[in-house]
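The values are calculated or read from the model by the stated rules, or taken from the named source; none is laboratory data. Predicted model, so just to flag it, every value in this text is computed and none were measured. Neighbour counts run over all protein chains shown; Cβ positions are idealised from the backbone, glycine included.
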Amino acid sequence: MSPEDTKKVRRFLDAFAGDADPFLLLDYDGTLAPFRLDRYQARPWSGVRELLADIRRQGRTRIAVITGRPANEIAPLLGIGPPLEVWGLHGVDHLYPDGRRELEPAPPAAREKLDALRVLLKRDSLGGRFEDKENAAVMHWRGIAPHKARLIEQKTRALFEPLVSIPGLALLEFEAGVELRAGRDKGGAVEAILKEAGRAAPVAFLGDDLTDESAFCAVNSLGSPGLSVLVRHSPRETQANVWLRPPDELRQFLKAWFAACELRTEIPNQRTQNIEVIQK
Ligand SMILES: [Mg+2]
């Protein structure tokens with residue numbers, strides 16, 4: 001992490017001294033876990049599960065995962081018990097730790113178009129990997145040779161793009177695919193979480209993909225202290241405040257978070273000294 005980014009993280013963690021419990025909002029794939037072509041094998045980077053479990057045990061942080069996956073896929077992969085709160089399908093599928101689930105309904109016209117698209121893409125997936133979500137049709141081309149991927153993208157866009165004129169449908173781009181979907185995005189999920197919480201508190205969101213940019217923007221526009229974090233092996237143009245490389249800098253960040261929460265009840269002038277764990 002650059003010295004400038006380290007300073008921003010330290011300033012953010014200093015805000016934990018206030019009364020409100022901080023929010024730690026996390027994307028899953030590419031952020032907490034490396035990508036796997038078999039998505040059911042995408043386990044967290046070594047040490048990440050334990051660090052999140054420690055933060056949770058402290059009882060001072062509200063943790064939620066905001067992912068493009070269906071919400072119920074996260075608990076078995078993350079392996080933290082009891083399960084964390086998850087906002088799946090980019091925020092449409094809200095799964096509470098007690099198992100309650102709320103699904104944002106799609107407008108009827110959007111549902112109808114998505115149903116027709118499903119039938120079509122199940123028959124012919126255009127050479128890509130079609131993913132059928134409750135609120136969306138998704139085409140993936142991760143791992144496919146570039147020339148073939150370009151063809152899949154062209155065909156998919158020709159099919160998806162005219163449908164964004166249907167009320168309630170929108171196109172969501174990500175790094176190796178595109179999704180035609182209904183419902184809130186990750187920025188909407190961040191706003192919904194904070195509205196529900198109803199008070200100003202430090203909020204961080206960590207994500208890797210283009211779909212995380214709306215959540216970065218939502219965090220950046222908060223009145224309360226916010227930190228938007230791009231987790232990625234190489235930098236790219238982003239709205240995020242800081243960039244960290246997984247997995248080492250991610251583990252350092254989570255350790256620093258834990259330390260900052262511990263210090264909330266200790267002597268304030270020890271805070272900065274202890275947070276120096278982020279630089280090691
Ligand atoms: Mg991701």
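Condition test on Val164, is it touching a strand residue (DSSP E or B) at 6+ places or on another chain (Cβ under 6 Å) and either in the same structural domain as Arg118 (by TED's automatic domain parsing) or more than 16 Å from the ligand (Cβ to nearest atom) (or both)? Taking the combined requirement at face value, the residue satisfies it.
The residues of region 11-47 that are among the charged types (D, E, K, R) and within 12 Å of the ligand (Cβ to nearest atom), listed by number, are Asp27, Asp29, Arg39. For region 44-85, the set of residues classified as under 15 Å from the mean Cα position of the chain (by Cα) and surrounded by fewer than 16 Cβ atoms within 10 Å (Cβ to Cβ) consists of Asn72 only. Just one residue in the set His94, His90 is at positive phi and crowded, with 16+ Cβ neighbours inside 10 Å; that residue is His90.
Restricting region 97-148 to residues that are surrounded by 13 or more Cβ atoms within 10 Å (Cβ to Cβ) and of a type in the set (Gly, Ala, Ser) leaves a set whose member that is modelled with the lowest pLDDT is Ala106. Among the residues that make up region 144-152, is at least one of them under 25 Å from the mean Cα position of the chain (by Cα), more than 16 Å from the ligand (Cβ to nearest atom) and either under 30 Å from Asp19 (Cβ atoms) or not in a loop (DSSP other than H, G, I, E, B) (or both)? Yes: one or more hits. For the structure I just gave you, tell me whether Ala200 is assigned by TED's automatic domain parsing to the domain that holds Asp27 and either exposed (fewer than 15 other Cβ atoms within 10 Å of the Cβ) or farther than 21 Å from Leu37 by Cα (or both). In short, yes. Taking the criterion of being closer than 14 Å to Ala240 by Cα and aliphatic (A, V, I, L, M), the residues of region 1-18 that qualify are Met1, Val9. Scan region 195-211 for residues that are within 16 Å of the ligand (Cβ to nearest atom) and out of contact with any Leu (no Cβ under 8 Å at 6 or more places or on another chain) and jot them down. Listed by number, the residues that qualify are Asp209, Leu210. For region 212-239, the candidate set comprises residues that are touching a strand residue (DSSP E or B) at 6+ places or on another chain (Cβ under 7 Å) and under 18 Å from Gly18 (Cβ atoms); within that set, the residue that is farthest from the ligand (Cβ to nearest atom) is Ser224. You will find that of Glu50, Glu85, the residue that is more than 16 Å from the ligand (Cβ to nearest atom), at pLDDT 95 or above and more than 26 Å from Glu175 (Cα to Cα) is Glu50 and no other.
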